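Q: Below you will find the structure I want to go over with you.
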Amino acid sequence: MRVDVQGAAKVKVLIPAAVTVFLTVESDSELKARLRRRDSESRAAYRERLNTARQEMARIPDFDYWWSTGAISSKPPWTT
């Protein structure tokens, strides 16, 4: 099942045994580059999307695992 950060939290409440995985990019600079390459949004929308992504990435510790560019771990990226 594919859900956003809020959906994953709700699934965990409803099904405590559910395993959650956070999919992310390897760095903040990679996130910016990917958003810029899309070239599909105004500057304001770009900033909002970047802000939202950063807020969601702050929730990585709430997930059982995280995955980024071929690496999967049960520890947040800043502790590996």
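What follows is calculated from the coordinates using simple rules that are stated; it is not laboratory data. Computed from a prediction, not measured in an experiment: that's the story for all the values here. Positions of Cβ are backbone-derived with ideal geometry, glycine not excepted, and every protein chain shown enters the neighbour counts.
Q: Mind checking the full-extension length gain between residue 19 and residue 41? Use 0.36 nm per residue of separation minus the Cα-Cα distance, one decimal, nm.
A: 4.6 nm
Q: Note the full-extension length gain between residue 69 and residue 48 as 0.36 nm times their separation in residues minus their Cα-Cα distance, in nm to one decimal.
A: 5.2 nm
Q: Against the longest principal axis of the chain, how steep is helix 5-14, in degrees 0 to 90 to the nearest 10, with axes from Cα atoms?
A: Around 10 degrees separate the two axes.
Q: What nm distance separates the two modelled labels at residue 33 and residue 10, each placed 7 Å from Cα along Cα→Cβ?
A: Calculated label separation equals 3.5 nm.
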